[in-house]
Every structure is written in structure tokens, then in C-alpha cells.
Amino acid sequence: MKTLLIVYHSMTGGTLQMARAAAEGAAAEAALKVELLHAPDAGANDLMGADGYIFATPENLAQALLNLAGNKQKLEEMRQAFADMHHALKQDTASKAAAVVLQYL
């Protein structure tokens, strides 16, 4: 089963409503697991465990990023997640690329 991760940031509730609507629509697909997370609660394991992503952000995204920049633990989790992704993507790249291309042939 594939996992769709929907990460949102909302200060007034409008973006949360849109994220919930996307989650509800996606959940109608039986072969899809949907996870809806508030941005501060989304961690490296969540990002690494998902097959697809929707990032729902309001106009005040800059403030959310500034808040995140002050959270050293979250920044370290993100750094480690990107390092893990980089390492995973370097493994057997030719076979992975061939497998993706073959899906469309």
C-alpha cells in the first residue's frame, strides 16, 4: 500500500480545510494510506516513509520557516533525512531508474 503524506501549515484554518479536503479525497482510493500532519509535527521518518507528498502552505510560509529555523532538533532531523535519502538514492541507481522507466512502457 502506498502512503500519501499531506503536510500543512495553517494559522487561520483555511489551509487546514484544504489539506483535510485533499486527505478526504485521497482516502477514497482504497490502495492508498493517507497521513495528514501539521508541519511542526512532521519528522524525518514521516518524510522517508511516504511515497507521495502534498505540502499545503499559506501565504505566511516564511514565518513558519523562521519558526522551524529556531528548532534545532527539527533541523537536525531534516538534515539526517536528506542525508538518508541521498544515501538511498545512490544505491543501485541504474536498476532503480530502469524500473521506473519500465513502468511507463
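A few comments on the model shown:
- If R0 is 22 Å, the Cβ-Cβ spacing of Asp51 and Lys72 corresponds to a FRET efficiency of close to 0.15.
- Shape of segment 1-74, Cα gyration tensor, a/c cut at 1.5: oblate
- Contour minus Cα-Cα distance for Ala21 and Glu35 (0.36 nm per residue): 3.8 nm
- Extension gain for Ala88 to Thr12 (0.36 nm times residue separation, less C-alpha to C-alpha distance): 23.6 nm.
Every number in this text was worked out from the coordinates using simple rules, so none of it is lab data. Quick caveat: nothing in here was measured; it's all calculated off a predicted structure. No Cβ is skipped: glycine too gets one built from the backbone with ideal geometry, and neighbour counts run over all protein chains shown.
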